[in-house]
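Read the structure below first, then the notes.
The values are calculated or read from the model by the stated rules, or taken from the named source; none is laboratory data. Here the structure is a predicted model, which is why all the values come from computation and not from measurement. Reconstructed Cβ throughout: ideal geometry from the backbone, glycine too, with neighbour counts over all protein chains shown.
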């Protein structure tokens, strides 16, 4: 039987990676990044940037035991972005992801050429970027985005839904129809020492600061029959 819990942002389970400003209440977390922060990794032959391994965006995360191979995590996201590449995401890292070529994935909302996109980057080992225009505006006073990442064995499934900012029932995401973003096969096929972090990340590669708000983080362990 699955075990689902809403983890308050004031819980001591949360840890931090990289510098940033963090303002937390039980159900709400605001993260503000410093200047020119990013998560992006390229190969020696990539153009226009070769051999890049940027991992400076602030992350808050929980440790998940290595024997938990079937789980689901989700969070509501809202951000008031004005500059290119500003983003707020649900984040998963495995192994020594912050310093080596071990994998990480980020999924959320991003501004590109003045348009809001719902997208993801899978770095395994190099950044594979996939985006789609958001069907509705996401931000304060508009709509909020729910991102869900589900792990099934070595694979990940990324999905989303959108709700109006004033929807009091929005936190019951299970009752809402989810839209598939992408499937990531073999993301954790190598094990990577069993270390897996699930968290939230904000960054802005071209910005002096980037601010976003997260609400209602949930984590659920799954049985194989529920996958």
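Table for the structure above
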read-out: Any chance residue 108 is closer than 18 Å to residue 185 by Cβ and surrounded by 19 or more Cβ atoms within 10 Å (Cβ to Cβ); value: no
read-out: Search result, residues across the range 52-70 that are modelled with pLDDT of 95 or more and outside any strand (DSSP E or B); value: 56, 57, 58
read-out: Near pairs, Cβ below 6 angstrom, 6+ apart or cross-chain, from the range 21-50 (on the phi < 0 side of the Ramachandran plot and without any contact (Cβ under 8 Å) to a residue 60 or more places away in the chain) to any residue that is surrounded by 12 or more Cβ atoms within 10 Å (Cβ to Cβ) and outside any loop (DSSP other than H, G, I, E, B); value: 21/32; 22/31; 23/30
read-out: Test: residue in the range 145-153 that is under 26 Å from residue 21 (Cα atoms) and surrounded by fewer than 20 Cβ atoms within 10 Å (Cβ to Cβ); value: no
read-out: The range 21-44, residues that are over 28 Å from residue 6 (Cα atoms) and part of a strand (DSSP E or B); value: 40, 41
read-out: Selection count where residues are over 15 Å from the mean Cα position of the chain (by Cα) and not in a loop (DSSP other than H, G, I, E, B), scope the range 116-153; value: 6
read-out: Candidates 156, 200 - the one that is in a strand (DSSP E or B), modelled with pLDDT of 95 or more and closer than 16 Å to residue 66 by Cα; value: 156
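One line per residue, one yes/no per condition, for (1) modelled with pLDDT under 95; (2) closer than 25 Å to residue 161 by Cα; (3) surrounded by 22 or more Cβ atoms within 10 Å (Cβ to Cβ); (4) out of contact with any helix residue (DSSP H, G or I) (no Cβ under 8 Å at 6 or more places or on another chain):
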position: 5; (1), (2), (3), (4): yes, yes, no, yes
position: 17; (1), (2), (3), (4): no, no, no, yes
position: 31; (1), (2), (3), (4): no, yes, yes, yes
position: 48; (1), (2), (3), (4): yes, no, no, yes
position: 79; (1), (2), (3), (4): yes, yes, yes, yes
position: 83; (1), (2), (3), (4): no, yes, no, yes
position: 87; (1), (2), (3), (4): no, yes, yes, yes
position: 92; (1), (2), (3), (4): no, yes, yes, yes
